[in-house]
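Comments concern the structure below.
A short reminder: the numbers here are calculations on the coordinates, not readings from a lab. Note that the structure is predicted; figures quoted are calculated from it, not measured. With ideal geometry, Cβ positions are generated from the backbone for all residues, glycine too; neighbour counts draw on all protein chains shown.
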């Protein structure tokens, strides 16, 4: 049996067995694990309980998630950035431009037409168009035109388009109503009830933003669109996640809530805003998740989606076509200045009236951003659902097993979700309350079955 993609993760006095490429998750006690470890090479000697588990590994093996190759004919999505400008002044955000360009109607039209032609040529009946910023709704006329034009043109070839918007919610109720009726998914960034939102996400002029954002959130919540609340978590608001979750459950009805840990930036350092400690983030995340579960609202952290296996959770590496306001094509929503800071060039083409122009050499370079090329992920049980996170903000050359705060948070929450899947809520609560235990798991240098087996045998 090939055990290279089977992982063993210590959770208190139990061992979590996780094989994402076999659809196997199990929990066993450490005594049983020590006994079973010696049977790995010879299934005939296994006790029946161990043999049943080992046989499942053989029956359901899938291949590793593959990287993209060949011509760019099946893009993940079309992403339009109408502008890099924003009407908020978030105290931890560097995502601004001193002289933000605005996408022309021609650029939007050309990109949509070329994308739909690409889908039609390859007999694709579904597509996705996302809008990102800055704040896209600073230029509502462009967004409205793009949606209506795309819907009309897609209808000619019976192509179904899923429209998604990432927004701060700072606009009129009339516009919010239009968005709720015309977008399939609205992801709204809001960091907490009044005090926290107004302090950390004020308007550009310093005025409070919560009331306007909250009113529009209710419009999205009452509509048929998939409404997602995304909250950035940092030291100041981490302890309030459970209260925030309770408020959401009592006042809104989102399809999902996403809690994401803050990434350090020049702006956050200037304003002395710091990431939460990993254990604090995880404990409050899990408490908030359990609260929202009682309201029927799922909670996610982007790198802990244990339901899917992929080689990259980031658009980068997945042939996404992200169009800048100026008309260049990349697979990254981040500013070009951030690429350069990391000594990366992620652009691979441009759009004009003749369609997409791809530099396939640079396309293939972007496809190399994959978990398969991240040394520090190779022994981690989260590798196929985390994939090392954002290739830009989490770009590092560290070696396997040297986990940073982001890795530790991902590992702990992923383990908690796997325990939920196994209906091990009591074990999860016990484990999460023992900081020494979760630190041991989070810092384990290798989760591979063979490595953990060696440790187990050594203890026999």
(Q) Test of understanding: ordering 149, 403, 92 by Cβ neighbours within 10 Å, fewest first, what list do you get? (A) 149, 403, 92
Q.
At a 10 angstrom cut-off on C-beta neighbours, averaged per residue, how do the peptides 118-127, 283-292, 190-199 rank from highest to lowest?
A. 283-292, 190-199, 118-127
Q: Set the Förster radius R0 to 30 Å, insert the Cβ-Cβ distance between residue 175 and residue 117 as r into 1/(1 + (r/R0)^6), and round the FRET efficiency to 0.05.
A: 0.50
Q.
Can you give me the distance in nm between label points at residue 250 and residue 23, each placed 7 Å from the Cα along the Cα-to-Cβ direction?
A. 4.2
**Q.** Rounded to 10°, Cα long-axis angle of helix 210-221 versus longest principal axis of the chain
**A.** 80
Q. Does anything in segment 221-265 have its amide N under 14 Å from the 7 Å Cα→Cβ label point of residue 277, and if so which residues?
A. 235-236, 238-239
Q. Quick one: Cα centre-to-centre distance for segment 142-220 and segment 56-129, in angstrom?
A. 18
**Q.** Full-stretch length increase - residue 425, residue 445 - with 0.36 nm per residue and alpha-carbon distance subtracted
**A.** 4.6 nm
Q) Considering every Cα-Cα pair within segment 221-272, what fraction, in whole percent, is farther apart than 16 Å? A) 50
Q | Whole-angstrom Cα spans of segment 120-176 along principal axes, big to small | A | 38, 16, 15
Q: Can you tell me the FRET efficiency between residue 71 and residue 378 if r is taken as the Cβ-Cβ distance and R0 is 30 Å, rounded to the nearest 0.05?
A: 0.50
Q) For the chain, what does the alpha-carbon gyration tensor say about shape, rounded, prolate or oblate, given a ≥ b ≥ c as the root eigenvalues, a/c under 1.5 as rounded, and a/b over b/c as prolate? A) prolate
Q | DSSP bridge orientation in the chain - percent antiparallel, rounded to nearest 5 | A | 45
Q.
Assuming 0.36 nm per residue, please report the length gained on full extension of the stretch residue 266 to residue 294 beyond their Cα-Cα distance.
A. 6.3 nm
(Q) On alpha carbon coordinates alone, what is the Rg over Rh value for segment 66-206, Rh being the Kirkwood radius? (A) 1.02
